[in-house]
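The values are calculated or read from the model by the stated rules, or taken from the named source; none is laboratory data. Bear in mind the structure is a predicted one, so any value in this text is a computation, not a measurement. Every residue, glycine as well, gets a Cβ built from its backbone with ideal geometry; the counts of neighbours run over all protein chains shown. Heavy atoms of the whole protein, side chains included, go into the accessibility calculation; ligands, DNA and RNA do not. Shrake-Rupley method; radii C 1.70, N 1.55, O 1.52, S 1.80 Å.
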Amino acid sequence: MKSGSNLERVIASGKMAVTAELGPPMSADPHEVIKKANILKGFCDAANITDCQTAVVRISSIAAAVIALREGLEPVMQMTCRDRNRIAMQADFLGAAALGIKNCLCIAGDHQMFSAAGKLKGHPGAKNVYDVDTCQLVGIMKKMRDEGLQQGGDKLEVAPKFFVGASWTPMGDPMDFRPYNLKKKVDAGADFIQTQGIYDMELFKAQMEKARNLGLLERTAMLAGIIVPKSAMMLKYMDSSVAGVTVPKSLIERMNKAKATAGDDKKKARELQEQEGIKITVELIQQALEIPGVKGVHIQAIEWETAMEPIVKAAGLYPRPTFPDA
Amino acid sequence: MIVGQQKPFDEIWEMVKGFKKVLVFGCNTCVAICHAGGGKEAEILTSLLRMKAAQEGVDMQVDNAAIERHCEPEFFEPLMEKVRTYDLVLSTACGVGVNFLADRIGAIPVYPGINTTFYGAVPEAGFFVELCGGCGNCVLHLTGGICPIVRCSKSLMNGPCGGTNNGKCEVSNETDCAWFLIVERMKKLGTLEKLFEVQPPRDWSTGTHGGPRRISVEHIRAFEEEEEKNAATEGR
C-alpha cells in the first residue's frame, strides 16, 4: 500500500471503486460540509473536496477535507496549480498528511477569469501562480512519498503518504494527443485518474483503447467520470459550453421527453427530469464499468448529493466494501 | 518588439495637470511601430494636452520631442540639457525608457504616458500579439516554436489542460489554445514524440522571479575598457 487510504484499498481489492464530489461553501460555516459529508457517507469510497472550483473563494480544500474526515467520510483533497507555488503546495501536503488526509487529486484548476463568468464578481484580476503544472505536481507528490525528498532535494523526516490522482479529459481536443497527455500523468506517478464527465461512451471507449495500447491501464486506476444530469437544459449547456464534454443527442432527447411529459407543471417537470437524470447516470455507470481497464466511477452529483444513494444502489454498487482494520 | 498602448487621456491629465512646464518625450523605436509613443504620437498628445489645459484654464507649457531610442545613453546626449529645463517629462517610451531616464535625469519627475504591455509582433497593420514572455530560459525547440509560457494562459509545460474548446483557450474563445497549436505544429514537423517526455518543474529564477536581471557580456566590456585606455594613452 502506498497510502493505505480506503480508496486505494478498494481498488487494490479488485472491486469497482466509487468516488463522489463535495463542493465546500462560500462561508465560514462548517455545517454545509458536515451535512454533505453525512449524505455521501456510505455511498462512496472517498469524496473529492474541490479546491475553489471555478476559481471562486470557498472553504479551502484541506480544511473541508479534515471536516469530512471527522464525519467519517474519506476525502480526496483536490489541489489546483492555480493558487499555490511549490513551497505552499508541499507545505500543504505535509499539513494534510499530518491531519490524516491520504488521497490527493492534482489539477490545473479553472482560470481565475472563470470566477466572474456567472453571477459572481469573483476575482478575475487575481494573479495566478502555475509555478508547476499537473504532471509536475504529481511528480512532486510521488517524490515526497517514495523518496522522502522535497522537490528541491531536501530530506523529509517523515514523508507524506498520499494516493496520488490526476484528472483526464479524454475527449478534450486535440483528441489524438489526449492518450499521451494521460501517459505523461501516469509516467509522472498518478496512481489513479478521474476523468471529465463522460456522456458519449463510444468515444470514451475508443480513447480507452488507445490508453490500453499505451499500456497505461495496468499502471493507473481509471475512474470514469459521470456528471449526474439534472435537466435537459443542463445537458444542452454541457454539450455546447463545457470543454471536453459532448452529449449524444439521444440523451438530450430523453430529458426533453421527460420534461414534456409534465406539461405545464414545473415542479413535476423538474422531478421527472431528475428521475430521468438518475436513470441515465445508472446506465452510463454500467456502460463505463464494462469498458476494459475501468476500475471505478467518479460520480459528480453537483449540489445534489442526495442523488448518490439511489444511483449507487440502482447501479448495484451498494453496499460499499469495508476493511476490518481501516 | 516591445508593444505598448497609450494610457487613457483622462489618466494622463490627472498625472500632469499640476505641472507648469511639461515635455512629452517620444521614442521612435518599438512604441512608434505600435502607434503608442513615437514622435508622432508625442506630438498629438502634446496638442491634446494644450487644448485640455486651455479648456480647464490651467497655465501650462507643453512641448514635445523624440529621440531614436530611450534605452541607450548616447541617444539622449544632444537633448539632455533641454530636457532638464522642464518640470515634468511625460515619457511615451516603454517602461524601460521611463526607468532609464528617471535614473539619469536628476530631480525631475518622469511619468509614463503609455502602458508597456508585452513583447510581440505585428501580424497585420494595427494588430499586435504577445509571443514571448522573456522568461530567460527558452524552450521553443521543444514546443515547435510556440511559447507555452506566455501563449498558454496557465503557462503549462506538459500539454493542454482540460479547458481546450475547439482549439480555443478557456479564458476566451478569441484566444488560441497554445497547446493545441503546439500539438498540431509538432505533428506537422513529425516530432510529436518530443512532447511525450515529462518536463520537470522549471527554474523560474531566470525570469522575473529571481529579482532584477542583468547580463554582462565580458568580452565587449573588456574591449570597451581597452579602447578607453588606448584613447587616454594617445591623448597623453
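Values as computed for the structure displayed
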item	result
Enumeration of residues in the range B:75-108 that are among the aromatic types (Phe, Trp, Tyr), under 14 Å from residue B:31 (Cβ atoms) and open to solvent by less than 20 Å² (accessible area, probe 1.4 Å)	none
Any helices (runs of 4 or more DSSP H) falling wholly within the range B:128-236 and containing at least 3 residues that are surrounded by 13 or more Cβ atoms within 10 Å (Cβ to Cβ) and out of contact with any Asp or Glu (no Cβ under 8 Å at 6 or more places or on another chain)	B:178-189
Flag for residue A:117 being surrounded by 14 or more Cβ atoms within 10 Å (Cβ to Cβ) and more than 8 Å from every other protein chain (Cβ to nearest Cβ)	yes
Scope the range B:142-166; condition facing chain A (nearest Cβ under 7 Å) and within 26 Å of the chain's Cα centre (by Cα); matching residues	B:153, B:154, B:155, B:156, B:157
Candidate set from the range B:167-204 (those that are closer than 27 Å to residue A:189 by Cα and among the aliphatic types (A, V, I, L, M)); member that is farthest from the other protein chains (Cβ to nearest Cβ)	B:178
Condition check for residue B:102: more than 26 Å from residue A:110 (Cβ to Cβ) and assigned to a helix (DSSP H, G or I)	yes
Candidates A:11, A:34, filtered to the one that is in contact with a Leu (Cβ under 9 Å, 6 or more places away or on another chain), open to solvent by 20 Å² or more (accessible area, probe 1.4 Å), modelled with pLDDT of 95 or more and not in a loop (DSSP other than H, G, I, E, B)	A:11
Lone qualifier among A:5, A:13, A:60 - being on the phi < 0 side of the Ramachandran plot and in contact with a Phe, Trp or Tyr (Cβ under 6 Å, 6 or more places away or on another chain)	A:5
Meets criteria (buried (at least 18 other Cβ atoms within 10 Å of the Cβ), part of a loop (DSSP other than H, G, I, E, B) and either free of Cβ contacts under 8 Å to residues at least 12 places away in the same chain or more than 10 Å from chain B (Cβ to nearest Cβ) (or both)) for residue A:109	no
Test result for residue A:68, within 20 Å of the chain's Cα centre (by Cα), modelled with pLDDT of 95 or more, surrounded by 23 or more Cβ atoms within 10 Å (Cβ to Cβ) and assigned to a helix (DSSP H, G or I)	yes
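Conditions tested, residue by residue: (1) within 14 Å of another protein chain (Cβ to nearest Cβ); (2) surrounded by fewer than 23 Cβ atoms within 10 Å (Cβ to Cβ); (3) modelled with pLDDT under 95; (4) more than 20 Å from the chain's Cα centre (by Cα).
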site	(1), (2), (3), (4)
A:138	yes, no, no, no
A:149	yes, yes, no, yes
A:152	yes, yes, no, yes
A:156	no, yes, no, yes
A:192	no, no, no, no
A:217	no, yes, no, no
